[in-house]
Amino acid sequence: MAESENIVAETAEKIFADLADAQTINRDNKGAWKAPLWQALTEAGLPLSWVPEDCGGSGASLAEGFSVLSAAGRFALAVPLAETMLAGWLLAQARITSPDGEMTVVPASPKDRITVNADGSLSGKARSVPFAKAAKHFAILASDAKGSLSIALVDAARCRIETGLGLGGDNSDTVTLDKVQPLTTKPAPKGFDQTRLMLMGGVARSLQIAGALESMLEISVRYSNERVAFEKKISKFQAVQHNLARLAGESAAALAAATSAADAIANATSFNDEVFLEAVAAKIRCAEAAEKGGGIAHQVHGAIGFTIEHILHRYSLRALAWRDDFGSESYWAVELGKLVARRGADELWPLVASR
Amino acid sequence: MTAALRFDPIRLPSECEQLRKEVRAFLAEEIAAGTFDPHKPNREDTDVPEFSRKVGARGWLGMTWPKKYGGHERSFLERYVVTEEMRVANAPTRRFFVADRQSGPVLLKYAPENIKMDILPRICRGEVCFAIGMSEPNSGSDLFAAKTRATKTDGGYLINGTKIWTSSAHIADYMIAIFRTSPPTKENRRHGLTQFLVKMKQPGIQVNPIGQITGQYEFNEVVFTDFFVPDDHVLGEIDGAWKQATSELAYERSGPERFLETYYVLTELVRAVGTNPDTRSAEGIGRLVAQVHTMRRMSVSVAGMLQAGKEPVVEASIVKDIGTVWEQQLPHRVRDLAAFVEETATNRETLEKQLDFAIKTAPKLTIQGGTTEVLRGIIARGLGLR
Ligand SMILES: Cc1cc2nc3c(=O)[nH]c(=O)nc-3n(C[C@H](O)[C@H](O)[C@H](O)COP(=O)(O)OP(=O)(O)OC[C@H]3O[C@@H](n4cnc5c(N)ncnc54)[C@H](O)[C@@H]3O)c2cc1C
């Protein structure tokens, strides 16, 4: 990892450690932690990491931004940092300057479409948009009747938002646009499409899931070394050790898949089948790891992990919730399977062995 | 702690891509010449001495070893590429693979110079086959329960006892084995084992075949009766084999052969479903491909750690654990999906035969090279639990 990459991630990590401690947040049901955290993130320029300096951002590299997301996952961060970063990145594709404040991307599911009307206004409905309720602006990808794609900056106040809650307790809202005039619209760059946006979001979520699994492993190992039963630390029971070894495997696999995909995207010269495989495989594998790994973490913690007082759910439920954003693993598995079939049996290994 | 579990996204350098092309071209030629059939992993002719020599002649054995021993001073990543291409093509690697992966590196580290000069160049030429003598009838997972004795005598040691499950002992020229040179101590029950180089096909050694449920013959019982091993065939420290065995196993546990043994059924499934699969088949294939891709990225990453001179014992155990569990499940998942394949699929018969064989192979995958339970114990130790 490059030196500068570490500095951006370290800055993020330090802010999370100071202001996003899971235990503190879990006890604070009024949400007083949110404002200082967001302010610190903003002062450090993190929400607009992926926005070039001449578009109002801090101009970090893709790789640097990805390592911020890993760290955000390790803290099960419950503010729209990933979403704002993605929105800024999307706007920057069309060289639209990012405004201050929380943003999110619309649509957040590969099946939803927003259309550009003849008068330049936008219409459509997007489901399960993360943190829509908290966002001041939306970065929207929309297509007109001829299929040309535009990227638009929209004032959230002009849209109808139906509040929804995801598994992890974060907002996952339905956004309806009824002939909404955007603040800015520009054509999307050549070759950009909704798949690209979904996969960028998917890799962000993969990194977050992998980060959450790292934390689940850490707190599960720690707990097993504290809890005494049958006159022993439970970490001394072979069955418990094997469960933790499996959790370590799931965590390692998720992290390997997610960082590999991030590396592939950060260094891609074109968005080809190999990059598609990396991104999609990460989302599928991380989602599977969230299920298996989260299950084990709860098993090791016993009933205590099932309580609202305990912090485990902050990681386990978010990891499960993140599976659904930007296309679920089932959706992407179908797309990947179709691609593999289209390329034919003898092209499968060359695809897998491409990096 | 978590630092141990990072698998950096190593990218194979460009020389690897060139090498991959050469290996593929070579394998295609050999297939065309009828040396082996890539669609028949269950064939009888898994030992093909000419094939070994050709692979050696290409410079693909002992790739990472010093030139003075016949090696090629290339990278672990280049070796990785050769291994995975051979594995995916179902090439007959039995004769040379153990020597290349495991025995050679042990000799490099622990053998006296005269032995290195004698044997390593021959391994590189694909002329010698090695077996590994660790397991015994009452010592498998519990490696340190090994009882086969090496008793000091004039100029060497006399060996008495039995090794079991010894792959390739029937064709091997040498075995690297652990024998008991003294009893375990109270403080350290691992103490007292020594690693030896054993020359096969000598008096005092008897190799008895053991059949396998796949119908193949691969491993053996090896009985030693007053078998003589000269002093310069001791490898490393007397009574200290336990330190040596663990790093050897890092080589054995992380390679592409640890998740690709049943891979062929996936290729055949893709062929059978055709270019326009239904949703269920597409989803099933997509999930399986995501798994194999992730395994491979982890395994490449471990090759990168070896290249960097690390001893990734825990990482290798993780790759072997997830990898063998995956390759064991794969034939069963492919079978689930094959139930929906058209009767008329052109490769239906091949797919069915391959599935039959892969399902019979599956039970051994999580046993060979250390059982899943043992590996999870090693990972648990790496997590600081023991
Ligand atoms: C195809 C194949 C090829 C092989 N080739 C070789 C070879 O070339 N050379 C060689 O030396 N060996 C070889 N082996 C042997 C292999 O390494 C052993 O089979 C393996 O180490 C397990 O030992 P075991 O069969 O004695 O089983 P056991 O050790 O008796 O284990 C039986 C079961 O008990 C479990 N168990 C044992 N101890 C524990 C524990 N402490 N905690 C939890 N579970 C435990 C095991 O995981 C396993 O599930 C080969 C095996 C196979 C299948």
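The values are calculated or read from the model by the stated rules, or taken from the named source; none is laboratory data. The model shown is predicted, which means the values in this text are computed figures rather than measured ones. Counting neighbours? That spans all protein chains shown, and the Cβs are built from the backbone with ideal geometry, glycine included.
Please go through segment A:106-147 and give me each residue that is of a type in the set (S, T, N, Q) and under 23 Å from residue A:202 (Cα atoms), ordered by number. Give the derivation first.
Going through segment A:106-147, the residues of a type in the set (S, T, N, Q) turn out to be A:109, A:115, A:117, A:121, A:123, A:128, A:143.
Within segment A:106-147, A:109, A:115, A:128, A:143 qualify.
Do we have residue B:81 as within 14 Å of chain A (Cβ to nearest Cβ), crowded, with 24+ Cβ neighbours inside 10 Å and more than 16 Å from the ligand (Cβ to nearest atom) here? Break it down into steps so the answer makes sense when it comes.
Working: within 14 Å of chain A (Cβ to nearest Cβ): yes; crowded, with 24+ Cβ neighbours inside 10 Å: yes; more than 16 Å from the ligand (Cβ to nearest atom): yes.
It is true that residue B:81 is within 14 Å of chain A (Cβ to nearest Cβ), crowded, with 24+ Cβ neighbours inside 10 Å and more than 16 Å from the ligand (Cβ to nearest atom).
Residue by residue through segment A:28-51, note down the ones that are among the charged types (D, E, K, R) and at pLDDT 95 or above. Show your work before the answer.
To start, the set of residues in segment A:28-51 that are among the charged types (D, E, K, R) comprises A:28, A:30, A:34, A:43.
Result: A:34, A:43.
Which of the residues belonging to segment A:201-226 are closer than 23 Å to residue A:90 by Cβ and either at pLDDT below 95 or among the basic types (Lys, Arg) (or both)? Show your work before the answer.
Kept after step one, since they are closer than 23 Å to residue A:90 by Cβ, are these residues of segment A:201-226: A:201-211.
The one that is closer than 23 Å to residue A:90 by Cβ and either at pLDDT below 95 or among the basic types (Lys, Arg) (or both): A:205.
Assuming residue A:104 fulfils every condition listed in (1) part of a helix (DSSP H, G or I); (2) β-branched (Val, Ile, Thr); (3) under 20 Å from the mean Cα position of the chain (by Cα) apart from one, which condition is it?
Result: residue A:104 passes all but (1).
Do we find a residue being without any contact (Cβ under 8 Å) to a residue 40 or more places away in the chain, within 16 Å of the ligand (Cβ to nearest atom), closer than 18 Å to residue B:6 by Cα and out of contact with any strand residue (DSSP E or B) (no Cβ under 9 Å at 6 or more places or on another chain) anywhere in segment A:237-247? Steps first, please.
Of the residues in segment A:237-247, the ones without any contact (Cβ under 8 Å) to a residue 40 or more places away in the chain are A:237-239, A:241-242, A:245.
From what's left, within 16 Å of the ligand (Cβ to nearest atom): A:237-239, A:241-242, A:245.
Within this subset, residues satisfying the condition of being closer than 18 Å to residue B:6 by Cα are A:245.
From what is left, the residues that are out of contact with any strand residue (DSSP E or B) (no Cβ under 9 Å at 6 or more places or on another chain) are A:245.
Scanning segment A:237-247 turns up at least one residue that is without any contact (Cβ under 8 Å) to a residue 40 or more places away in the chain, within 16 Å of the ligand (Cβ to nearest atom), closer than 18 Å to residue B:6 by Cα and out of contact with any strand residue (DSSP E or B) (no Cβ under 9 Å at 6 or more places or on another chain).
Being small (Gly, Ala, Ser), within 24 Å of the chain's Cα centre (by Cα) and closer than 22 Å to residue B:189 by Cβ is the filter here; which residues of segment B:145-173 pass it?
Within segment B:145-173, the subset small (Gly, Ala, Ser) is B:145-146, B:150, B:155-156, B:161, B:167-169, B:172.
Checking which are within 24 Å of the chain's Cα centre (by Cα) leaves us with B:145-146, B:167-169, B:172.
Passing the criteria: B:145, B:146.
Please go through segment A:101-141 and give me each residue that is out of contact with any strand residue (DSSP E or B) (no Cβ under 9 Å at 6 or more places or on another chain) and surrounded by fewer than 17 Cβ atoms within 10 Å (Cβ to Cβ), ordered by number. Break it down into steps so the answer makes sense when it comes.
Initially, segment A:101-141 is screened for residues out of contact with any strand residue (DSSP E or B) (no Cβ under 9 Å at 6 or more places or on another chain), giving A:110, A:118.
The answer is A:118, and nothing else.
What's the total number of residues in segment A:137-179 that are outside any strand (DSSP E or B) and either among the aliphatic types (A, V, I, L, M) or out of contact with any helix residue (DSSP H, G or I) (no Cβ under 9 Å at 6 or more places or on another chain) (or both)?
Start the filter on segment A:137-179 by keeping residues that are outside any strand (DSSP E or B), which leaves A:144-148, A:156-159, A:163-164, A:166-170.
If we keep only those that are either among the aliphatic types (A, V, I, L, M) or out of contact with any helix residue (DSSP H, G or I) (no Cβ under 9 Å at 6 or more places or on another chain) (or both) as well, we get A:144-148, A:156-159, A:163-164, A:167.
Of the residues in segment A:137-179, 12 are outside any strand (DSSP E or B) and either among the aliphatic types (A, V, I, L, M) or out of contact with any helix residue (DSSP H, G or I) (no Cβ under 9 Å at 6 or more places or on another chain) (or both).
Yes or no: residue B:315 within 16 Å of the ligand (Cβ to nearest atom) and either in contact (Cβ under 8 Å) with a residue 24 or more places away in the chain or within 14 Å of chain A (Cβ to nearest Cβ) (or both)?
Values: within 16 Å of the ligand (Cβ to nearest atom): no; either in contact (Cβ under 8 Å) with a residue 24 or more places away in the chain or within 14 Å of chain A (Cβ to nearest Cβ) (or both): yes.
No.
Taking into account only those residues within segment B:351-373 that are within 14 Å of chain A (Cβ to nearest Cβ) and modelled with pLDDT of 95 or more, which is nearest to residue B:318 (Cα to Cα)?
First, pick out the residues of segment B:351-373 that are within 14 Å of chain A (Cβ to nearest Cβ): B:351, B:354, B:366, B:370-373.
Add one more test, that the residue is modelled with pLDDT of 95 or more, and what stays is B:351, B:354, B:366, B:371-373.
Details: B:351: 30, B:354: 27, B:366: 12, B:371: 12, B:372: 10, B:373: 12 Å.
Residue satisfying both the conditions and the ranking: B:372.
Within segment B:211-253, track down each residue that is farther than 29 Å from residue B:296 by Cα, of a type in the set (A, V, I, L, M) and either part of a helix (DSSP H, G or I) or more than 16 Å from the ligand (Cβ to nearest atom) (or both).
Those that are farther than 29 Å from residue B:296 by Cα, of a type in the set (A, V, I, L, M) and either part of a helix (DSSP H, G or I) or more than 16 Å from the ligand (Cβ to nearest atom) (or both): B:229, B:234, B:238, B:241.
Confirm whether residue B:342 is of a type in the set (D, E, K, R), in contact (Cβ under 8 Å) with a residue 60 or more places away in the chain and in a loop (DSSP other than H, G, I, E, B). Steps first, answer last, please.
Details: of a type in the set (D, E, K, R): yes; in contact (Cβ under 8 Å) with a residue 60 or more places away in the chain: yes; in a loop (DSSP other than H, G, I, E, B): yes.
For residue B:342, the condition - of a type in the set (D, E, K, R), in contact (Cβ under 8 Å) with a residue 60 or more places away in the chain and in a loop (DSSP other than H, G, I, E, B) - is met.
More than 22 Å from residue A:135 (Cβ to Cβ) and crowded, with 16+ Cβ neighbours inside 10 Å: which single residue out of A:27, A:74 fits that description?
Numbers: A:27 fails: crowded, with 16+ Cβ neighbours inside 10 Å.
Going through A:27, A:74 in turn, just one is more than 22 Å from residue A:135 (Cβ to Cβ) and crowded, with 16+ Cβ neighbours inside 10 Å: A:74.
Take residue B:224 and decide whether it is among the hydrophobic types (A, V, I, L, M, F, W, C), over 12 Å from residue B:134 (Cβ atoms) and touching a strand residue (DSSP E or B) at 6+ places or on another chain (Cβ under 8 Å).
On the way: among the hydrophobic types (A, V, I, L, M, F, W, C): yes; over 12 Å from residue B:134 (Cβ atoms): yes; touching a strand residue (DSSP E or B) at 6+ places or on another chain (Cβ under 8 Å): yes.
Answer is yes for this residue.
Away from chain A (no Cβ under 13 Å), in a helix (DSSP H, G or I) and more than 25 Å from residue A:235 (Cα to Cα), is that true of residue B:310?
Details: away from chain A (no Cβ under 13 Å): yes; in a helix (DSSP H, G or I): no; more than 25 Å from residue A:235 (Cα to Cα): yes.
For residue B:310, the condition - away from chain A (no Cβ under 13 Å), in a helix (DSSP H, G or I) and more than 25 Å from residue A:235 (Cα to Cα) - is not met.
Output the residues belonging to segment B:121-156 that are among the hydroxyl-bearing types (Ser, Thr, Tyr) and without any contact (Cβ under 8 Å) to a residue 60 or more places away in the chain. Can you show your working first?
At the first step, the residues of segment B:121-156 found to be among the hydroxyl-bearing types (Ser, Thr, Tyr) are B:135, B:139, B:141, B:148, B:151, B:153.
Those that are among the hydroxyl-bearing types (Ser, Thr, Tyr) and without any contact (Cβ under 8 Å) to a residue 60 or more places away in the chain: B:135, B:139, B:151.
Which members of segment B:337-386 meet the condition of being within 16 Å of the ligand (Cβ to nearest atom) and touching a Pro at 6+ places or on another chain (Cβ under 7 Å)?
Within segment B:337-386, B:357, B:358, B:359, B:362 meet the criteria.
Okay, residues lined up against (1) within 12 Å of chain B (Cβ to nearest Cβ); (2) under 27 Å from residue B:268 (Cα atoms); (3) polar (S, T, N, Q); (4) part of a helix (DSSP H, G or I):
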site: A:269; (1), (2), (3), (4): no, no, yes, no
site: A:274; (1), (2), (3), (4): yes, yes, no, yes
site: A:286; (1), (2), (3), (4): yes, yes, no, yes
site: A:317; (1), (2), (3), (4): no, no, no, yes
site: A:326; (1), (2), (3), (4): no, no, no, no
site: A:341; (1), (2), (3), (4): yes, yes, no, yes
site: A:348; (1), (2), (3), (4): yes, yes, no, yes
site: A:355; (1), (2), (3), (4): yes, yes, no, no
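I need the full set of residues from segment B:272-283 which are under 15 Å from residue B:331 (Cα atoms) and within 7 Å of another protein chain (Cβ to nearest Cβ), in order please.
Initial filter on segment B:272-283 (under 15 Å from residue B:331 (Cα atoms)): B:272, B:281.
Within segment B:272-283, just B:281 meets the criteria.
Restricting attention to segment B:1-23, which residues are surrounded by 17 or more Cβ atoms within 10 Å (Cβ to Cβ) and closer than 28 Å to residue B:129 by Cα?
B:16, B:19, B:20, B:23
In segment B:167-209, what count of residues is obtained for those that are in a strand (DSSP E or B), within 14 Å of the ligand (Cβ to nearest atom) and either surrounded by 14 or more Cβ atoms within 10 Å (Cβ to Cβ) or within 14 Å of chain A (Cβ to nearest Cβ) (or both)?
The initial filter retains those residues of segment B:167-209 that are in a strand (DSSP E or B), namely B:167, B:174-180, B:193-199, B:205-209.
Within this subset, residues satisfying the condition of being within 14 Å of the ligand (Cβ to nearest atom) are B:167, B:174-179, B:193, B:195-196, B:198, B:207, B:209.
Retained after the next criterion (residues that are either surrounded by 14 or more Cβ atoms within 10 Å (Cβ to Cβ) or within 14 Å of chain A (Cβ to nearest Cβ) (or both)): B:167, B:174-179, B:193, B:195-196, B:198, B:207.
The qualifying residues number 12.
Look at segment A:245-259 and say how many of its residues are out of contact with any Phe, Trp or Tyr (no Cβ under 8 Å at 6 or more places or on another chain) and either more than 9 Å from chain B (Cβ to nearest Cβ) or surrounded by 24 or more Cβ atoms within 10 Å (Cβ to Cβ) (or both).
So the first thing to find is which residues in segment A:245-259 are out of contact with any Phe, Trp or Tyr (no Cβ under 8 Å at 6 or more places or on another chain), and the list is A:245-251, A:253-254, A:257-258.
Restricting the remaining residues to those that are either more than 9 Å from chain B (Cβ to nearest Cβ) or surrounded by 24 or more Cβ atoms within 10 Å (Cβ to Cβ) (or both) gives A:245, A:247-251, A:253-254, A:257-258.
Result for segment A:245-259: 10.
Return the total of residues in segment B:91-144 being outside any helix (DSSP H, G or I) and within 16 Å of the ligand (Cβ to nearest atom).
16
Go through segment B:145-166 and report how many residues are away from the ligand (no atom under 16 Å from the Cβ) and surrounded by fewer than 20 Cβ atoms within 10 Å (Cβ to Cβ).
Here the count works out to 9.
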